[in-house]
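This report refers to the structure that appears directly beneath it.
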Amino acid sequence: REKPSRRVVLMAGGVGGARMAVGLRDALPPEALTIVVNVGDDDCFHGLRVCPDIDTVLYTLSGQVDPKNAWGIAGDSRRALDVLKRLGAPSTWMTLGDADLGLHLYRTTRLARGATLTEVTKEIAKGFGVTACVLPVTESAVSTRIRTDDGELRFQEWFVKHRCAPRVRGLRFDGADDAAPSAEVLQTLHRADLIVFAPSNPWLSILPMLRLGGIENALRASTARKVAVSPLIGGRAVKGPLAELMQQLMVPPGNSGIGRFYEGLIDGIVIDADDEADVAGLESTGLRVLCAPTRIATAEAARELAARLIA
């Protein structure tokens, strides 16, 4: 008999998570991959529930993501947003395209009728032809708040409206103390053979998930091998403000800081081939280290990285 496919869980958020999802999807049978996605970036705009990390994963896996921005839908128009701006609506700094708004309308309507976020996400995935299982980490509302010199900001305010400019003094995850991972997420982690932390921003995409009651215990109790893919290359993030954020949070720079973030939670870490000088320091903490090209700007690069990681 054929050996059963190993069950792989990807903990993901942001563009790095979406691109890693493409690689694992192409390297595994459809039933073998589950993607657990951060909801800390979620917010409400114009009365609609917007889930940026979930949507970026779904748009990327379905092949319709805007290749320039790596978020949103390719070729989307902005006519609805133009009307909202003309009428003086609030929060029009959040760029939502017309097709994007259609998705948010569907999600908001289904949630208002009693569907769970997991159910709605599965419906959207099916409609988009996504074969991998995509799960929001929780059904509850959890909101990442950024404490800055300018006061506390919602994540999207800090990230999009202010373009990450306000200096970060700390992070808070509103609602996390009262939230829990969904039963399906816990079951998936329990059954996994391999758990991969995507090259997402650990503090902004992974930490909101770890702060949920019970999920860190579930990860530690899992018998799966656990591997993190560093989002840094040469001490800098390919996309986003990670290096600056680490400095502002007074975290050790480079891959040593990434290793410290995951300390006690992972068995190994994947770092870029150009960062071979970091291997000895990471191995001294007990981690296994794989050096491989981690710049996954194309689907082919993502597939190659996923194949090496799984092997």
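The values are calculated or read from the model by the stated rules, or taken from the named source; none is laboratory data. Since the model is a prediction, treat every value here as computed from it, not as a measurement. Cβ sites come from the backbone with ideal geometry, for glycine too, and all protein chains shown count toward neighbours. All accessible areas refer to the heavy atoms of the entire protein, side chains included, with ligands and DNA or RNA removed. Shrake-Rupley method; radii C 1.70, N 1.55, O 1.52, S 1.80 Å.
Numbers below:
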read-out	value
Which numbered condition ILE296 fails, given (1) under 24 Å from TRP71 (Cα atoms); (2) without any contact (Cβ under 8 Å) to a residue 60 or more places away in the chain	(2)
Where VAL289 falls short, out of the listed (1) more than 17 Å from SER200 (Cα to Cα); (2) touching a residue at least 40 places away in the same chain (Cβ under 8 Å)	(2)
Residue list for the range 265-284, filter: open to solvent by less than 60 Å² (accessible area, probe 1.4 Å) and small (Gly, Ala, Ser)	GLY268, ALA273, GLY281
Residues of the range 202-224 that turn out to be open to solvent by less than 30 Å² (accessible area, probe 1.4 Å) and part of a helix (DSSP H, G or I), as a count	12
